[in-house]
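Asker: The structure's right below; bear with me while I get my questions together.
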Amino acid sequence: MGEPLESAGLFLRLSAARIRAQLQYRTSFALQTVGMFLISFLDFAAILVIFANVPQLGGWSVSEVALLYAISSLAFSLTDLAIGHLDYLPQLIRDGSFDLLLVRPRGTLFQVVTQDFQIRRIGKVAQSLMVLGYALATLDVIWTPDRVALLIATIPAGALIFASIWVAAICIVFWTTEGNEAANAVTYGGTFFAQYPINIYDRWLRRFLAYLIPTAFVAYFPCLYILGKADPLGLPVWLQVSSPLVALAAALAAGLIWRTAVRHYQSAGG
Amino acid sequence: MALVDVQDLRKEFVVRRGSGLRRERVVVRAVDGITFAIESGSIVGYIGPNGAGKSTTVKMLTGILVPSGGRVSVAGFVPSKQRTKLAARIGVMFGQRVQLWWDLPLIESFELLRHIYRVPAERFRQNLDMLGAALELGPFLRTPVRQLSLGQRIRGELTAAMLHEPDILFLDEPTIGLDVVARQRVRELLLRANRERGLTVLLTSHDLVDIERLCSRILVIDHGHLVYDGGLETLKERYGTERVLVVDLEEPRPPLDVEGARVIKVDGPRQWIAFERERTNAARLTAQVAALAPLRDLTLQEPDIEDVVRRIYAEGATGSAGRSSTA
């Protein structure tokens, strides 16, 4: 237990150092955080626009979609807050600074994500929490202990699923040195899809989202269980509560892909 | 066991040349079968022209690159397999890469590194005191790294590489951008750490004074092969066979014509006469010169390492002349 705790401590220490550096520019920091908070509302506004025209979406009411949106968006924004610096991996690889991470006695993935900590990303977390509050206040759900437990477990599990997808996708840069766009299509695209009920999508896209890139497990399947909805696709009920296990499996797979990718690192400049 | 043990080490890169449909795969052998061992407590210079395979070798020794073939062991670890364990025992400074936190005061970067390397607080304080005094970090310890001059930053980087008391230090151009005084300070620090706690250093440098002052042994690499492994004196003898006799004549004369030697420079009454070790010697040459013109004074210049290296590079670039002399 000592090792993970110590690493968590170092994560906080490094993040705190990054935050201190950003706080040297207080006004800019404040504006960016508020900006992030407001912009993320546009996202949710798009959903409200749809519901202004139709009373239901794939059999889901506005409050139900709000819960779906809030869980997936909270999971994503937490992931983004913790490991968002992964976006800079292509740059680290191109200019060879990834070399320096390899000669330090810590995991490389850990070091990449702790290179920076953008505190402004907390704006998106705040917005997700507000939508979650709206959903919980307007939903007509009987909160049995199993539903509460699943809701609580779903958020870290969803964050872990998003993180795993992100890590796995970004690994392409170890071979191509470019490829942020490909990785972004998968991660940000995956987030977008996870914010709507999957039964509104075409069949192949549904399978892709449920199994290959498991974003359906971030919010959709747990929401079916929490809301007590019958699965319109008739999939087994155990799928609805299996998100934490899917998250662990995804994390293991992503870890394996990362290890393989790092061994392919070719270090710039001969 | 030797601190560094390298056997038949190889690294191949696949390079794609051309574009579109006519792209072809070319295998480049950056390091092509290198074998050497470094004992604990030595300072070794690793020299060779750009693109010879120097940094590729160092990257394999430090666990950055996975070798294509051969065996490596550093401080008892296989770098590519036990990377994090090895990292705790080595210090690395690459001239061009910044490992300090750009927007934090220098001292805070050190503090973060202390936690990354798990250095006990007391040891950290002692090491920082020692390094800070040796490199005179005091005046800019609380300055953000981005505001440091190049020389100050490099001294900071060297400190960062030594705070965790590594067994071996890999230095790539450690004195680049430093003024003469700072350069001397860096060299003294390395010699002292070597003397007092047996620090081993593998050094690549274009500053040949670094090599001459610090290194007891030199490895020369060219085209991925080790072309020389031995002491500085032997290297000079082997590659620097040409010495120069500088003579001051009583009065200016046209270039003297002496057997087995040639005049390479004339400046008033002073003439520089270069000669090969095998063809003549200083005594015979002096006698010849004295017979031709009245002599006032003379000095003998030994080849310096700059000439030696220039010669190795020249030979290496033209083919196998260097390789055939592998020890």
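Asker: Return a whole-number percent for the relative contact order of chain A, with Cα pairs under 8 Å and 6 or more residues apart as the contact set. Provide the component values of the computation, followed by the final result.
Answerer: Details: 323 pairs, mean separation 69.9, N = 270.
Relative contact order of chain A: 26 percent.
Asker: Sorted by average packing, counted as other Cβ atoms within 10 angstrom per residue and highest first, what order do A:113-119, A:163-169 take? Provide the component values of the computation, followed by the final result.
Answerer: Details: A:113-119: 19.6, A:163-169: 24.3.
Those peptides, ordered most packed to least, come out A:163-169, A:113-119.
Asker: Okay, moving on. Over region A:97-248, what per residue volume does the convex hull of the Cα atoms give, in whole Å³? Don't skip to the answer; put the middle values down first.
Answerer: Details: hull volume 21.7 nm³, N = 152.
Dividing the Cα hull volume of region A:97-248 by its residues yields 143 Å³.
Asker: Let me ask something additional. Quick one: among B:L249, B:L100, B:L65, which has the greatest mean-square fluctuation in a GNM of chain B with alpha-carbon springs under 10 angstrom?
Answerer: Between B:L249, B:L100, B:L65, it is B:L249 that shows the largest mean-square fluctuation.
Asker: In Å and on Cα atoms, what radius of gyration and Dmax does the protein assembly as shown show?
Answerer: Computed over the Cα atoms of the protein assembly as shown, radius of gyration and Dmax are 32.2, 116 Å.
Asker: So what's the projected area for region A:2-263, the Cα convex hull averaged over all directions, in nm²?
Answerer: Spelled out: convex hull of the Cα atoms, projected over all directions, averaged, 15.4 nm².
Asker: Considering Cα pairs under 8 angstrom that are at least six residues apart, work out the relative contact order of region B:4-236 and quote it in whole percent.
Answerer: Values: 429 pairs, mean separation 63.1, N = 233.
Normalised by residue count, the contact order of region B:4-236 is 27 percent.
Asker: Using heavy-atom solvent-accessible surface (probe 1.4 Å) with all chains present, what is the largest-first order of B:D32, A:D140?
Answerer: A:D140, B:D32
Asker: Count the lysine pairs in chain B whose Cα atoms lie under 29 Å apart, taking only pairs 8 or more positions apart in sequence or on different chains.
Answerer: Close lysine pairs under the 29 Å cut-off: 11.
Asker: Based on the Kirkwood radius over alpha-carbon pairs, what value in µm²/s does the Stokes-Einstein equation return for the translational diffusion coefficient of region B:1-87 at 37 °C and 0.692 mPa s?
Answerer: 233 µm²/s
Asker: Could you state how much accessible area A:R147 has, in square angstrom rounded to the nearest 10, with a 1.4 Å probe and all protein chains kept in place?
Answerer: Roughly 50 Å² of A:R147 is accessible to a 1.4 Å probe.
Asker: What residue among B:A88, B:A291, B:A193 has the largest mean-square fluctuation in a Gaussian network model of chain B, using Cα springs under 10 Å?
Answerer: Maximum fluctuation in the GNM of chain B, among the listed residues, is at B:A291.
Asker: Then there is this: For labels at A:F41 and B:V209 in the simple 7 Å Cα→Cβ model, what's the distance in nm?
Answerer: Spacing of the two 7 Å Cα→Cβ label points: 6.5 nm.
Asker: To continue, here is another question. Please compute, for peptide A:95-101, the average count of beta-carbon atoms on other protein chains lying within 10 Å of each residue's beta-carbon.
Answerer: Per residue, the number of nearby Cβ atoms from other chains is 5 on average.
Asker: With every protein chain left in place, what is the accessible area of B:H225 in Å² (1.4 Å probe, nearest 10)?
Answerer: Using a 1.4 Å probe on the heavy atoms, I get roughly 50 Å².
Asker: Post the alpha-carbon centroid distance, region B:123-154 to region B:285-300, in whole angstrom.
Answerer: Using only Cα atoms to place each centre, the spacing works out to 53 Å.
Asker: Follow-up. Can you tell me the order of A:51-57, A:241-247, B:122-128 when each peptide is scored by its average per-residue count of other Cβ atoms within 10 angstrom, highest first?
Answerer: Going from most to least packed, we get A:241-247, B:122-128, A:51-57.
Asker: Enter the angle in degrees (range 0 to 90, nearest 10) between the Cα long axis of helix A:62-83 and the first principal axis of the Cα atoms of chain A, meaning the one along which they spread out most.
Answerer: With both axes taken from Cα atoms, the answer is about 10 degrees.
Asker: Can you give the relative contact order of region B:80-163 as a percent, counting alpha carbon pairs under 8 Å and 6+ residues apart?
Answerer: Numbers: 65 pairs, mean separation 37.3, N = 84.
Normalised by residue count, the contact order of region B:80-163 is 44 percent.
Asker: Still on this model: Rounded to whole Å, give me the distance from the Cα center of region B:178-200 to that of region A:147-177.
Answerer: 47 Å
Asker: While we're here: Write down the Å³ per residue value for the convex hull defined by the alpha carbon atoms of region B:85-165.
Answerer: Taking only Cα atoms, region B:85-165 has a hull volume of 85 Å³ per residue.
Asker: So, one more: Among B:L65, B:V27, B:P49, whose Cα projects farthest towards the positive end of the dipole of region B:1-98, with charges put on the beta-carbon of Lys, Arg (+1) and Asp, Glu (-1)?
Answerer: Going by the charge dipole, the pick is B:V27.
Asker: So if R0 is 41 Å, what FRET efficiency would A:A16 and B:E302 give, r being the distance between their Cβ atoms, rounded to the nearest 0.05?
Answerer: That pair, A:A16 with B:E302, gives E of 0.10.
Asker: Using the alpha-carbon atoms, what tilt in degrees (0 to 90, nearest 10) does helix B:106-116 show relative to the longest principal axis of chain B?
Answerer: With both axes taken from Cα atoms, the answer is about 60 degrees.
Asker: Now a separate question. At a 1.4 Å probe radius, which order do B:T286, A:T260 fall into by accessible area, largest first?
Answerer: Final ranking, largest accessible area leading: A:T260, B:T286.
Asker: Name the long-range amide H neighbours of B:S68: under 5 Å, sequence gap of 5 or more, or other chain; modelled H, no Pro or chain starts.
Answerer: Residues meeting the amide H criterion: B:R10, B:K11, B:E12.
Asker: Over the heavy atoms of B:S40, what accessible area does a 1.4 Å probe trace out, to the nearest 10 Å²?
Answerer: 80 Å²
Asker: What is the dipole size for the protein assembly as shown, taken about its Cα centre, with +1 at each Lys and Arg Cβ and -1 at each Asp and Glu Cβ, in debye to the nearest 20?
Answerer: On the way: 63 positive and 57 negative charges, 213 e Å.
Here the protein assembly as shown has a charge dipole of around 1020 debye.
Asker: Roughly what angle does helix B:282-292 make with the longest principal axis of chain B, taking Cα atoms, 0 to 90 degrees, to the nearest 10?
Answerer: That helix lies at roughly 40 degrees to the long axis.
Asker: Return the value, in Å² to the nearest 100, of accessible area buried between chains B and A (probe 1.4 Å, both sides summed). Please report the intermediate quantities before stating the final value.
Answerer: Values: alone 16570 and 13570 Å², together 27300 Å².
For chain B against chain A, roughly 2800 Å² becomes buried.
Asker: Which of B:G260, B:G41, B:G33 moves the most in a Gaussian network model of chain B with Cα springs under 10 Å?
Answerer: B:G260
Asker: Could you tell me the distance between the Cα centroids of region B:206-224 and region A:51-80, to the nearest Å?
Answerer: What the calculation gives is 65 Å, centre to centre.
Asker: If I take all pairs of Cα atoms in region B:142-185, what percentage of them are more than 14 Å from each other?
Answerer: Summing the P(r) of region B:142-185 above 14 Å gives 52 percent of all pairs.
Asker: Taking every pair of alpha-carbon atoms in chain B, give the share separated by more than 32 Å as a whole percent.
Answerer: Considering chain B, 43 percent of its Cα-Cα pairs are separated by more than 32 Å.
Asker: Right, something else. Could you list the residues of region A:109-140 with an amide nitrogen less than 16 Å from a label point located 7 Å from the Cα of A:R147 in the Cα-to-C-beta direction?
Answerer: Flagged as within label range: A:133-140.
Asker: A further question on this structure: Volume per residue, Å³, of the convex hull around the alpha-carbon atoms of region B:241-302?
Answerer: Spelled out: Cα convex hull of region B:241-302, divided by residues, is 67 Å³.
The values are calculated or read from the model by the stated rules, or taken from the named source; none is laboratory data. Note that the coordinates shown come from a computational prediction; the quantities given were computed from them, not determined experimentally. Note that each Cβ is placed from the backbone with ideal geometry, even for glycine, and that neighbours are counted across all protein chains shown. Ligands, DNA and RNA are stripped out before the accessible areas are found, and what is left, the full protein with its side chains, is counted by its heavy atoms. Shrake-Rupley method; radii C 1.70, N 1.55, O 1.52, S 1.80 Å.
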